[in-house]
Amino acid sequence: MGNVLTIVVQRLLLGLLTLLVVSIVIFLAVNALPGDFAEAILGQGATPDAIATIRRDLGLDQPLVVRYFSWLSGILRGDLGISFAQLNFRTNLGGAGDVGVIDQIAPRLSNTLFLALVTAMIAVPIAVALGVLAALFRNSVFDRVANITTLSSISSPEFFMAYVLILFLAVLNPILPSLSNIYDGMPFAERIEKSLLPALTLTLVVTAHMMRMTRAAIINLLASPYIEMARLKGMSPMRVIVKHALPNALAPIINVIALNLAYLITGVVVVEVVFVYPGIGQLFVDSVKIRDIPVVQACCLIFAAAYILLNLTADILSILSNPRLRHPK
Amino acid sequence: MITILWIVGVLLAILALAFGFRWAGQMATSNAPGFRDMPLSVAFGYVFGVVLLIWAVRFYFQPLMNEQGVPVASVIFFRWAIQGLIIAMIAAFAFKQFGKFVGTEWSKKLFRSMPLTAAFGILVIIIYAIFAIFAGAIAPYGQAEILGAANVLPGGDVATGGNPDYPLGTDNIGRDILSRLIYGAQNTVGIAFITTLLAFVIGVTLGFLAATLGGWLDQLLSRGVDVLMAIPSLIFALLLMTIASVWAPRIGIPLTYFMVVIIAVIDSTRVYRLARAVALNIVVMDYIEAAKLRGEGLAYLVFREILPNATAPLLAEFGLRFCFVFLTIAALSFLGVGIQPPLSDWGTMVKDLAPFINFAQFAPLAAVTPLLAAGAIALLTVAVNFVVDWMLHKSSGLKE
């Protein structure tokens with residue numbers, strides 16, 4: 001077990017290092033802007049006095065390294081700064097308490113996680129089941145149809161899927177609502193119903209890829225001697241696949257599931273915009289449009305962190321599911 | 001809730017039918033091996049397929065109007081979808097037959113071994129290329145030309161709010177949608193193509209250099225690429241586009257140029273990975289050693305020795321990369337930060353026309369225009385994927 005532990009700890013440290021470097025990249029990218037936050041907040045007609053005041057308030061007169069570390073320590077304390085929209089409001093109209101970026105993001109993030117969870121609960125079982133079936137009946141009509149359908153759904157843009165689903169499930173047959181206006185304290189059943197359509201869209205996009213990889217992983221194994229042996233014993237094809245092929249294909253399948261959940265992160269941005277789902281993706285796009293850099297920066301960091309975390313999980317799970325690594329000779 | 005109960009009920013009924021079907025088959029053929037060894041799941045599949053087929057045929061022949069004379073949109077859409085599918089299949093088949101008998105010996109052989117999906121893909125790509133190159137000649141109006149009437153419904157029928165001059169109608173400020181769709185081929189596909197080319201020039205050059213020179217340059221580039229790849233590409237593109245949108249007006253370069261460079265750089269990291277991996281396998285070959293001993297320079301090594309030997313995987317990657325770039329650009333435009341307004345492009349069109357979908361019940365044609373733009377994007381990526389899939393299958397020599 002010691003061996004595995006070392007590998008896992010190594011991966012964790014590597015992930016942490018990556019995250020640190022990514023935060024530097026994001027910070028530098030944002031700070032490469034001409035002028036700075038102060039000018040951006042106040043606009044073109046700002047007096048030098050006002051700019052200097054804001055600059056001092058935000059600590060922009062400090063050197064870059066100092067600013068980076070104060071930003072980083074702020075993040076660690078859960079302080080992501082204040083959005084430009086808020087600052088603008090305060091400087092121009094006055095007002096007491098500021099709502100920090102973290103307070104804006106937190107409820108959105110939990111909404112998005114909820115959506116991702118619902119999607120995963122629908123997509124993963126379907127994808128694995130379909131993948132096993134496609135491997136079982138490979139080269140049959142079912143397999144060909146599945147191949148063409150999944151290839152098409154992988155290659156269509158998310159918004160195409162979303163609008164087709166809206167057309168059929170919300171407009172022509174009003175089964176599900178096309179707007180996902182989620183709010184706090186909404187009854188659970190209603191919340192599920194409202195987020196079902198975006199979840200289904202994401203499912204369509206993600207399932208296809210997961211299914212193809214599951215199929216490929218199982219078919220890869222079918223040439224192994226132990227499968228041959230199981231077949232010669234007279235086992236039914238279904239049992240051969242479920243009992244012998246699937247456990248051995250688990251590592252690549254888990255890997256693919258985690259990677260696709262990471263893919264959800266990007267898919268979520270477009271889908272949330274289509275369905276007006278109040279998640280972090282929509283906040284991100286809105287902030288990009290009004291150039292609210294503190295929010296963009298924070299969202300970007302959160303997305304990157306989730307992405308790295310999921311990739312890391314994929315890595316670690318595939319190590320843990322490999323018996324040769326778990327029980328070294 | 002009732003819907004779910006219905007679905008479960010139908011599935012159970014099909015299962016019972018499948019059991020009966022297998023039993024009947026066993027009885028009728030006096031236990032022939034085909035029926036004797038048939039798992040229930042396979043029988044279920046057969047019966048399910050037949051039920052689906054019967055339902056589809058019945059649905060297809062439902063009347064297009066109900067008693068009140070209101071069009072039944074779902075039947076209309078279903079007919080269009082089926083007709084489209086059949087036309088696509090016939091076109092692909094005809095194209096394949098055409099390719100089998102016309103052309104050089106090499107291309108004839110290629111067409112003979114080609115699956116129908118790949119033939120369809122090639123046909124679609126050719127049609128898109130024609131539209132993209134000759135957009136100016138094909139489109140009836142200019143892409144930014146504002147015509148007399150705004151919000152003309154598609155269909156060209158005056159009785160339903162259409163206008164024969166504008167077969168697909170006009171948008172909210174009176175631009176012809178058909179012309180904008182055609183110009184969209186030029187803009188969206190053209191920009192995606194240029195971006196992919198740029199990504200390949202950057203990625204392949206750096207990847208080959210890293211593989212040939214090795215050492216600290218390789219380490220530096222590879223670790224840099226690792227970091228860039230740790231950020232999801234669409235998210236990173238959006239972050240950089242935010243920054244670019246502050247820069248662009250100050251320098252006076254249109255935002256679209258920034259977008260091309262940003263997406264090219266982000267995607268070149270993926271190309272770099274592949275190019276480096278491919279080149280690493282090539283640089284250890286004897287002929288590279290021989291070229292080095294002949295005293296050839298770095299440029300000769302990269303462009304005359306490594307590049308020709310890495311064409312096949314790079315070409316397949318070019319197809320896939322083009323799809324990714326194309327979808328990223330479409331997504332950015334859809335979100336409103338991609339290709340900018342005077343140019344027409346499909347992502348923006350989907351965003352602008354999307355509200356029409358809500359009228360599908362009353363005017364099925366009106367609901368189609370946003371889906372046409374989105375479908376144009378989907379069709380091209382599907383086509384490229386079909387072709388790449390076939391190329392990869394062919395080059396990997398997989399037969400199963």
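For the residue pair A:Ala50 and B:Leu64, what label-to-label distance in nm results when each label sits 7 Å from Cα along the Cα-to-beta-carbon direction?
6.2 nm
How big is the gap, in Å, between the Cα center of region A:143-166 and the Cα center of region B:242-268?
Comparing the Cα centres of region A:143-166 and region B:242-268, I get a distance of 31 Å.
Which shape class applies to region A:103-289: rounded if a/c is under 1.5, otherwise prolate when a/b exceeds b/c and oblate if not, where a ≥ b ≥ c are the square roots of the Cα gyration tensor eigenvalues? Kindly include the intermediate steps, with their values, before the conclusion.
Numbers: a/c = 2.57, a/b = 2.15, b/c = 1.20.
Prolate.
Calculated FRET efficiency, B:Ile86 and B:Lys394, Cβ-Cβ r, R0 41 Å, to nearest 0.05?
On the way: r = 27 Å, r/R0 = 0.67.
Given R0 = 41 Å and the Cβ-Cβ separation, E is 0.90.
Given the alpha-carbon gyration tensor of chain A, what are the semi-axes of its equivalent ellipsoid in whole angstrom, ordered largest first, with each equal to the square root of 5 times an eigenvalue? Write out the running numbers ahead of the final one.
On the way: eigenvalues 412, 143, 44 Å².
Each semi-axis is √(5λ); the values are 45, 27, 15 Å.
So how strong a dipole does chain B carry about its Cα centre when Lys and Arg Cβ are +1 and Asp and Glu Cβ are -1, to the nearest 20 debye?
Numbers: 23 positive and 20 negative charges, 159 e Å.
The dipole of chain B has a size of about 760 debye.
Place a point 7 Å from the Cα of B:Leu116 along the Cα-to-Cβ direction; which residues of region B:76-99 have their backbone N under 17 Å from it?
Residues B:81-99 qualify, since their backbone N sits under 17 Å from the label point.
Given the DSSP H assignment, sum -39500 (n - 2.57) over each helix run of at least 4 residues in chain A and divide by its residue total; what's the result at 222 nm in deg cm²/dmol, nearest 500?
Working: 14 runs with 243 residues, N = 329.
Per the formula, -25000 deg cm²/dmol.
Please work out the C-alpha center-to-center distance from region A:211-262 to region A:180-203 and express it in whole Å.
Cα centroid to Cα centroid, the span is 34 Å.
Helix A:2-31 versus the longest principal axis of chain A: what angle, 0 to 90°, nearest 10, using Cα atoms?
40 degrees
Using the Kyte-Doolittle scale, find the helices of chain B whose mean hydropathy is at least 1.6 and whose Cα atoms extend 20 Å or more along the helix's long axis, counting only whole DSSP H runs. Could you put the intermediate results ahead of the total?
Details: long enough: B:2-28 (38 Å, 1.86); B:40-60 (30 Å, 1.87); B:73-101 (42 Å, 1.32); B:116-133 (26 Å, 2.73); B:190-213 (34 Å, 2.19); B:215-229 (21 Å, 0.53); B:233-251 (26 Å, 1.77); B:255-283 (40 Å, 1.42); B:311-335 (35 Å, 1.72); B:364-396 (45 Å, 1.33).
Flagged H segments are B:2-28, B:40-60, B:116-133, B:190-213, B:233-251, B:311-335.
Using alpha carbon centroids, what distance separates region B:270-291 and region B:345-400, in Å?
36 Å
So if R0 is 41 Å, what FRET efficiency would B:Arg250 and B:Ile130 give, r being the distance between their Cβ atoms, rounded to the nearest 0.05? List each step's numbers first, then the result.
Values: r = 40 Å, r/R0 = 0.96.
Efficiency, from the Cβ-Cβ distance: 0.55.
Any idea what the relative contact order of chain A is, in percent, if you count C-alpha pairs under 8 Å spaced at least 6 apart?
Result for chain A is 26 percent.
Quick check: the angle from helix A:246-275's long axis to the longest principal axis of chain A, C-alpha only, nearest 10 degrees?
The two axes meet at around 40 degrees.
Tell me which of B:Ile339, B:Ser107, B:Ile82 sits at the most positive position along the dipole axis of chain B, charges placed on C-beta atoms (Lys, Arg +1; Asp, Glu -1).
B:Ser107
Taking 0.36 nm per intervening residue step and subtracting the Cα-Cα distance, what contour gain separates B:Tyr300 from B:Arg79 on full extension?
Working: separation 221, 0.36 × 221 = 79.56 nm, distance 5.79 nm.
Length gained between B:Tyr300 and B:Arg79: 73.8 nm.
Specify, per residue and in Å³, the volume enclosed by the convex hull of the alpha carbon atoms belonging to the protein assembly as shown.
Values: hull volume 171.8 nm³, N = 729.
Convex hull volume per residue, Cα atoms: 236 Å³.
With +1 on each Lys and Arg Cβ and -1 on each Asp and Glu Cβ, and nothing else charged, work out how big the dipole of the protein assembly as shown is about its Cα centre, in Debye to the nearest 20. Don't skip to the end; give the middle numbers.
Details: 45 positive and 38 negative charges, 504 e Å.
About 2420 debye.
Need one word for region B:34-78: rounded, prolate or oblate. Basis is the Cα gyration tensor (sqrt eigenvalues a ≥ b ≥ c); a/c below 1.5 gives rounded, then a/b vs b/c decides.
Numbers: a/c = 6.07, a/b = 4.92, b/c = 1.23.
Here region B:34-78 falls in the prolate category.
Between B:Trp6 and A:Asn181, take the C-beta separation as r, use R0 = 22 Å, and let me know the FRET efficiency to the nearest 0.05.
Working: r = 28 Å, r/R0 = 1.27.
After rounding to 0.05, the efficiency reads 0.20.
Where does chain B land at 222 nm, in deg cm²/dmol rounded to the nearest 500, when only DSSP H runs of n ≥ 4 count, each adding -39500 (n - 2.57), divided by all residues?
Details: 16 runs with 280 residues, N = 400.
Result for chain B, helices only: -23500 deg cm²/dmol.
Dipole size in debye (nearest 20) for region A:103-289 around its Cα centre, Lys and Arg Cβ +1, Asp and Glu Cβ -1?
On the way: 12 positive and 9 negative charges, 174 e Å.
The calculation lands at about 840 debye.
I need the phi-derived Karplus couplings for region A:184-201: 6.51 cos²θ - 1.76 cosθ + 1.60, θ = phi - 60°, integer Hz, Gly and Pro marked x.
Whole-Hz 3J(HN,Hα) from phi for region A:184-201: 5, x, 6, x, 4, 4, 5, 4, 4, 4, 5, 9, 5, 5, x, 5, 5, 4.
Using the charge dipole of the protein assembly as shown (Lys, Arg: +1 at Cβ; Asp, Glu: -1 at Cβ; taken about the Cα centre), state which of B:Thr269, A:Val171, B:Pro370 has its Cα farthest towards the positive end.
Farthest along the dipole direction, towards plus: B:Thr269.
None of the figures in this text is laboratory data; all of them are computed from the coordinates on show. If you're wondering where the values come from, they're calculated on a predicted model, not measured in any experiment. Reconstructed Cβ throughout: ideal geometry from the backbone, glycine too, with neighbour counts over all protein chains shown.
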